[in-house]
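Comments concern the structure below.
Read-outs: derived from the displayed coordinates by stated rules, not from any lab. All values reported here derive from a predicted model rather than from experimental measurement. Please note: Cβ atoms are built from the backbone with ideal geometry, for glycine as well, and neighbour counts cover all protein chains shown.
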Amino acid sequence: MLRGYLHAYASRVSFLQRLLDAALIFSVYGVLLVWSDGTWDTVRIVAAVLAVFVFALIAEMHGVYRSWRTSSLADEIRTVISIWTFVVFALLVLAFATKTSAIFSRIMMLSWFVAVPILLAAVRLVARGGLRYARNRGANIRTVAIVGNNSVGHRLIEHLESMPWAGMVVKGVFDSHSGEGSTIRIGTADYPLGSMEQLLTKVHAGELDAVCVALPLGEEERIKALVNELADATASVYVAPDMFVSGLMHSRWVDFGGMPLVSVYETPFNGLQGWVKRLEDIVLSSLILVLAAPLMIAIAVAVKISSPGPVLFRQRRYGLNGLVVEVWKFRTMTVCQDSDDVPQAARNDERVTGLGALLRKTSLDELPQFFNVLLGSMSVVGPRPHAVIHNEQYRRLIKGYMLRHKVKPGITGWAQVNGWRGETDTLEKMQKRIEYDLEYIQYWSLWLDLKIVFRTILHGFIGKNAY
């Protein structure tokens, strides 16, 4: 009787989650304001309401309030913290831009910025702990049947095994080729095998909450027939993609003029995701340019004095959708090459100046690219842009190379913070860099961007391969 009890109240629970988060953010602000002897005026009220609104908007976009069965506690806490971090950055930039930062107590605002994510995480920890306790005792679980005794079905079962907190209990594997009454070992447990007739009997008897169809796409007629037979039952029905679809970059279902299609090669920055990415770039690049302005002026003077030539080096690179963009850097060489034959900088490269070697080693030569970000041709985080001639060379040698241009090029990236920075003197090194670039595009999230930024700050400015 308790199986899936909360499912009927899912919309109400989801609404309460949203309400609780909003109330927590606002009430912590109010308590700290009273504690710091502050007063409720228009600016302070607007700041609190804006924080609640921005957090709620981005949380909706990232699916924070979807069923907890589909995401882990660690993933949700990381997402919540990254969203709140973004809200903090946005509020700071807005305060500086409107010249209202002076009216806020520094201690009060810092306490608010720190306390909110801790409490948001604590609420989720307690709530999920209660659900796990209930599910371990057989309450609020959902029974699942897997259709397809094959690699896709087995992989799906292993995935469900890895997330016991979801309360999804597999009751069997069903296939027209499976022998009734036998079992199969998958992962760490044995699962009963059954026929399609047994599956339909269990579904119509109300013994199953969900059916996951894991048949190959080539068996379209079988899938269609099974879905039709399950149409008069109350069980939820899901179709798991086979190895071909699930291995594609950023593959997902999209509405294409009213017709559902599988997106194979697509940018993750469509719609609201694109607005979030752009706002992130504006906030981060503005902060960095303001903080680094004195240093950039000093570097510009040093470059001009140390060697003849322009302060900035402008090079053509491929940007979003393969369009050519001009990327700015502090000049670090005695020449400014941007031709059809541009050798990569190598160790002890005679073209690099003494000051240029230091700038390249510390990545300070990249600082002008934050202007590129602010103007919209680059992003703070993304695949590093290569010279046009290098793109033309590697696109013929590495499968999927040009897919990295489904997003804007970045100042730092997933490949760089994982050690694939600097000269790519072998094809294998470039292949590894592209592998990380495509992985970034496939699994992009605001949290991943912030993680890359923090890792760049901590470890990425100085590298053994940067010269």
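Using a 10 Å cut-off around each Cβ, can you sort 277, 304 from fewest to most neighbouring Cβ atoms?
So the residues, fewest neighbours to most, are 304, 277.
Ranked highest first by the average count of other Cβ atoms within 10 Å around their residues, in what order do 74-84, 317-327 fall? Mind showing how you got there, number by number?
On the way: 74-84: 18.5, 317-327: 16.0.
Highest to lowest by the protection proxy: 74-84, 317-327.
Computed over the Cα atoms of the stretch 272-460, what is the convex hull's projected area averaged over all directions, in nm²? Can you show the working numbers first?
On the way: hull surface 41.1 nm².
With the hull built on Cα positions only, its mean projection is 10.3 nm².
Around the amide H of residue 353, modelled in the peptide plane, lie the amide H atoms of 333, 334, all under 5 Å away and 5 or more residues distant in sequence or on another chain.
Spatially, the stretch 146-172 and the stretch 287-315 are offset by 56 Å when compared through their Cα centroids. Using C-alpha pairs under 8 Å with a sequence gap of at least 6, the mean separation divided by the residue count of the stretch 142-247 gives a relative contact order of 30 percent.
The order of 378, 296, going from fewest to most other C-beta atoms within 10 Å of their C-beta, is 296, 378.
Would you mind putting 31-40, 142-151, 396-405, 356-365 in packing order, based on average other-beta-carbon counts within 10 Å, highest first? Walk me through the intermediate numbers first.
Working: 31-40: 13.4, 142-151: 21.2, 396-405: 16.1, 356-365: 19.2.
My ranking of the peptides, most packed first, is 142-151, 356-365, 396-405, 31-40.
Between residue 297 and residue 126, take the C-beta separation as r, use R0 = 60 Å, and let me know the FRET efficiency to the nearest 0.05. Rounded to the nearest 0.05, the efficiency is 0.75. Annotation: extensible slack from residue 393 through residue 234 equals 51.7 nm (criterion: 0.36 nm per residue apart, minus Cα-Cα distance).
By how many nm would the segment from residue 40 to residue 305 grow when fully extended, if each residue of separation counts as 0.36 nm and the alpha-carbon distance is taken off?
Details: separation 265, 0.36 × 265 = 95.40 nm, distance 5.37 nm.
Residue separation times 0.36 nm, minus the Cα-Cα distance, leaves 90.0 nm.
Based on Cα contacts under 8 Å between residues 6+ apart, the stretch 272-460 shows a relative contact order of 21 percent. What's the long-distance tail for the stretch 349-450, i.e. % of Cα pairs beyond 19 Å? Pairs farther apart than 19 Å: 46 percent. Available extension along the chain between residue 289 and residue 15 is 94.6 nm, counting 0.36 nm per residue and deducting the alpha carbon span.
Please go through the residue pairs 329/432; 361/432; 224/277; 277/304 and name each one whose alpha carbons sit more than 29 Å apart in this structure. Before the final figure, lay out the partial values.
Details: 329/432 25 Å; 361/432 21 Å; 224/277 39 Å; 277/304 35 Å.
Among 329/432; 361/432; 224/277; 277/304, the Cα-Cα distance tops 29 Å for 224/277; 277/304.
Over the stretch 142-247, the ratio between the Cα radius of gyration and 2.2 N^0.38 Å evaluates to 0.99.
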